[in-house]
1. Once both labels are modelled 7 Å past Cα along the beta-carbon direction, what's the R238-A127 spacing in nm?
2. Among rounded, prolate and oblate, which fits the stretch 315-368 when a ≥ b ≥ c are the square roots of the eigenvalues of its C-alpha gyration tensor, a/c under 1.5 means rounded, and a/b larger than b/c means prolate?
3. Would you kindly derive the ³J(HN,Hα) couplings of the stretch 233-248 from the backbone phi angles with the Karplus curve 6.51 cos²θ - 1.76 cosθ + 1.60 (θ = phi - 60°), listing them in order in whole Hz, with x for Gly and Pro?
4. Counting Lys and Arg as +1 and Asp and Glu as -1, what is the net charge of the other residues whose Cβ lies under 10 Å from the Cβ of D70?
5. Please list, ordered by chain and number, the residues whose modelled amide H lies under 5 Å from the amide H of E57; skip anything fewer than 5 residues away on the same chain.
6. According to a simple spin-label model (label point 7 Å from Cα along Cα-to-Cβ), what is the distance in nm between T89 and R66?
7. Using the Karplus curve 6.51 cos²θ - 1.76 cosθ + 1.60 with θ = phi - 60°, what ³J(HN,Hα) values do you get for each residue of the stretch 329-344, in whole Hz, with x for Gly and Pro?
8. Simple spin-label model, 7 Å along Cα-to-Cβ: N263 to H341 in nm?
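What follows draws every value from the coordinates through simple rules; no lab data is involved. If you're wondering where the values come from, they're calculated on a predicted model, not measured in any experiment. For neighbour counting, all protein chains shown are included, and Cβ atoms are generated from backbone atoms with ideal geometry for every residue, glycine included.
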Amino acid sequence: MSEPVRFLTTFAQSVATMALYGASHPARTRSVDASYRLLCDLRAHDARPEFSFLGDEVVYGQLPLREMRDWEWGARLAAAGVQRLEFATEVTRDEFEAFLEGIVTRLALPMLDSSQMRHAGARGSGAIRYGAIGIRGENRFAAFVPEARLPSPTLSYELTDEVETIEWMHEQVKTRNQLPLLEAESVVRSLAVAMHGDQEMLLPLLSLREFDEYTTTHSLNVSVLTMALAEAMGMGARDVRAFGVAGLLHDLGKTRIPLEVLNKPGKLTDEERSVMQRHTIEGARIILEGDRDLDLAAAVAYEHHIMIDGGGYPHRRIARKCHCASTLVHVCDVYDALRTHRPYRVAWETAAVLDYIEQGAGTDFDRDIAHTFVDLMRRMEGRIEHASLAELRSGVHAAVPATSP
């Protein structure tokens, strides 16, 4: 058993023991001492140990702890607002015990509602910090909504924190050549929660305030659409989230495309088109150079512009079938791109986009995936229109996502 795993095991034992026994009980003292010794041993090799709890996965630094997959305490800590746990400086034994007391209290309290959790931020002493996963180094944290308390369905959903996190991620790629994958996975989990309510699912598709936001909002939209489509096709929760991460990162290579090319109002020259098309290769390279095993997301970044009949780009010398995730992201990518205003064309009506996808089934798009997507979106439109009418009849002004932004 590795040192991080041993520490987390004794950490959970200490919290459980402290919840059972009073301050002077010897069992409590022994448990805290054992956990604190393992923390000191861990800090001897890693001056700033950091753990992240993402549902069924526990990550140490950037390394997933395979032995801790489906660890019950990981989900409990995340639900209590401890998605990330950092030991930043030297920690005394008294500080560590006081921190454990705080964790016991948080686990014992009724779960915070989503608005409280969203603004909880980082807590703890200077030596120990914990909170929701988000933007490092800026004292801001991405939105986190515990999956056990899903928000009720509404006709609008705020994704400000997620947008800011993706903008920051893209900036990290541009300026530091670093891909913050934990933040990406956290955003996907937040989007997965936003998709679901107690009764119905509404896709929180975003509109652009300005064209420079395209890469950010398009990535979020494609991630949500891909997860909704994967669910409609009967995939399990882990596959849905993995496909969601791939959708979120599919256009990452566009961070290396000059804005004058990305937002050019007129027709691209052959040279500019070549530059633009390299975003698939660049995106795959960025992902593969990361610290985590994301072959699926890299494949999607590379393949999402390849059509079923072999057309599109990049050109492959040997024809082969694209990954299933790439075919899902491809249809979601085209849908959101066509329904969005761009400098060189106006947005298509949603009905026209769905007709286009239907007509391309079997050539541009996988036939089954295209039909499933079109059926999904038409059902969603019907739900949105029905909800809008109900709200207006009751005298409530509803902010309904536009079918042609």
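1. Output for this residue pair reads 3.8 nm.
2. prolate
3. Once rounded to whole Hz, the list reads 8, x, 7, x, 4, 5, 5, 4, 5, 4, 5, x, 4, 4, x, 5.
4. Computed value for this residue: -2.
5. D70
6. Between R66 and T89, the label points sit 3.8 nm apart.
7. 4, 4, 5, 5, 4, 5, 4, 5, 5, 6, 8, 10, 5, 10, x, 9
8. Here the modelled spin labels are 1.3 nm apart.
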